[in-house]
Amino acid sequence: MRAVSLAVLLVASSVMAGPVEVSFNEDLQIHQFIEEVETPKDFDKNLGKPMNHRSEVDLNEVEVVFDQLVNLGKKVWALVENNKPVVNVKYMFANALPKGVRSAEELENFSDLQHVSYRVHGENLYGMTVYDLTYSLVHRYGGSYQGRGKFLENVAVVPSFLEVAWGYNVNYEVDKVSVVNTGSRENPVGSILLQTNFKVSTVLKSMETHSVYDFRGDSAIVKAVQR
C-alpha cells in the first residue's frame, strides 16, 4: 500500500481551479485528481444552527480560562462508510472554545457559516472514473466570550455527493482533531487542525490518503497543511 497526501494542494481560494492530478497509486493503478467546485445548494441542511447568542446560565458558576482551549464537539467521526455518505452531520463537528464554557451558546458574534468545496476522483488506466466524491469544509469563526478572543464553532467536513464503481469500496473519516491557541493569553485565537483519512480499496488492494486542514478563529480561510 502506498500512502499519499493531498493536503499541500488544498488551499481555500475564491477562484475555481481545474482538475489537478495529485497522485498515482501503483497498487490500484489509479490516478487521483482534485479540484475546487461550487458548493452544493443544500450541503448545510443537516448542520446545527448558528451559535450567535449567549445562554441564560449563570456564567459565574464555573471559572472560564481564556487562554486554555477545549473541543466540546467530536474528536473522531465517520464521513463516508462503505460507499455511503453519513447524512446526519448535525452533531458531527468540532469547536475551539475557552475552557470552562458549557457550550458555544455562551459566546457571541460568530460569523455566518463559511464554506469551500472540493471534488476528488480517481480514474483507472482506461480513463474510467472509479470513485467521485464532493465534500465541503465548513466553520464559523470570530466568536468572542465577554468581548475577548476569537473562537471557532461548527468546524466540519460535509460529504454531499459520492459515486463508486463496482468492485471498489470507499471510506472517509475525520480521525484526529487538535485544538491550540495561536493568539496570546490576553487575546486568544482558537485554531483547529483537522485530519482526515480517505481510503479506497478492492478485494485485494487498498490506498489511503491523509489530509490536514487548518481552521483559525480569526479567518474565513481554511488552509491545508502537510504533516
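Restricting to the range 169-182, and then to whatever is buried (at least 18 other Cβ atoms within 10 Å of the Cβ) and over 16 Å from the mean Cα position of the chain (by Cα), can you tell me which residue is nearest to Ser206 (Cα to Cα)?
Val170
Would you mind telling me which numbered condition in (1) farther than 27 Å from Gly149 by Cα; (2) touching a Lys or Arg at 6+ places or on another chain (Cβ under 8 Å) Val189 fails?
Of the numbered conditions (1) farther than 27 Å from Gly149 by Cα; (2) touching a Lys or Arg at 6+ places or on another chain (Cβ under 8 Å), the odd one out for Val189 is (1).
With respect to Tyr145, determine if the residue is in contact with a strand residue (DSSP E or B) (Cβ under 9 Å, 6 or more places away or on another chain) and either of a type in the set (D, E, K, R) or at pLDDT 95 or above (or both). Before the answer, list the steps.
Values: in contact with a strand residue (DSSP E or B) (Cβ under 9 Å, 6 or more places away or on another chain): yes; either of a type in the set (D, E, K, R) or at pLDDT 95 or above (or both): no.
Judged against the criteria, Tyr145 is not a match.
In the range 183-203, how many residues are among the small types (Gly, Ala, Ser), buried (at least 17 other Cβ atoms within 10 Å of the Cβ) and in a loop (DSSP other than H, G, I, E, B)?
Qualifying residue count for the region: 1.
Among (1) touching a Lys or Arg at 6+ places or on another chain (Cβ under 6 Å); (2) not in a strand (DSSP E or B), which single condition is Glu105 missing?
Answer for Glu105: the failing condition is (1).
Go through the range 128-142 and give me each residue that's touching a strand residue (DSSP E or B) at 6+ places or on another chain (Cβ under 9 Å) and either basic (Lys, Arg) or not in a strand (DSSP E or B) (or both).
So in the range 128-142, the residues touching a strand residue (DSSP E or B) at 6+ places or on another chain (Cβ under 9 Å) come out as 129-142.
Across the range 128-142, the qualifying residue is only Arg140.
Return the total of residues in the range 158-167 being assigned to a strand (DSSP E or B) and either surrounded by fewer than 24 Cβ atoms within 10 Å (Cβ to Cβ) or without any contact (Cβ under 8 Å) to a residue 12 or more places away in the chain (or both). Explain how you work it out, then say what you get.
Start the filter on the range 158-167 by keeping residues that are assigned to a strand (DSSP E or B), which leaves 158-164.
With either surrounded by fewer than 24 Cβ atoms within 10 Å (Cβ to Cβ) or without any contact (Cβ under 8 Å) to a residue 12 or more places away in the chain (or both) added as a condition, the list becomes 159-164.
Residues that pass the stated criteria total 6.
So, in the range 168-182, how many residues would count as being under 30 Å from Gly147 (Cβ atoms) and part of a strand (DSSP E or B)? Spell out the reasoning first.
Kept after step one, since they are under 30 Å from Gly147 (Cβ atoms), are these residues of the range 168-182: 177-182.
If we keep only those that are part of a strand (DSSP E or B) as well, we get 177-181.
Counting residues in the range 168-182 that are under 30 Å from Gly147 (Cβ atoms) and part of a strand (DSSP E or B) gives 5.
Go through the residues of the range 156-167 one by one and say whether even a single one is out of contact with any strand residue (DSSP E or B) (no Cβ under 6 Å at 6 or more places or on another chain), at pLDDT below 95, over 18 Å from Val76 (Cβ atoms) and hydroxyl-bearing (Ser, Thr, Tyr).
No, that holds for no residue.
The values are calculated or read from the model by the stated rules, or taken from the named source; none is laboratory data. Owing to the predicted nature of the structure, the values given are computational and were not obtained by experimental measurement. No Cβ is skipped: glycine too gets one built from the backbone with ideal geometry, and neighbour counts run over all protein chains shown.
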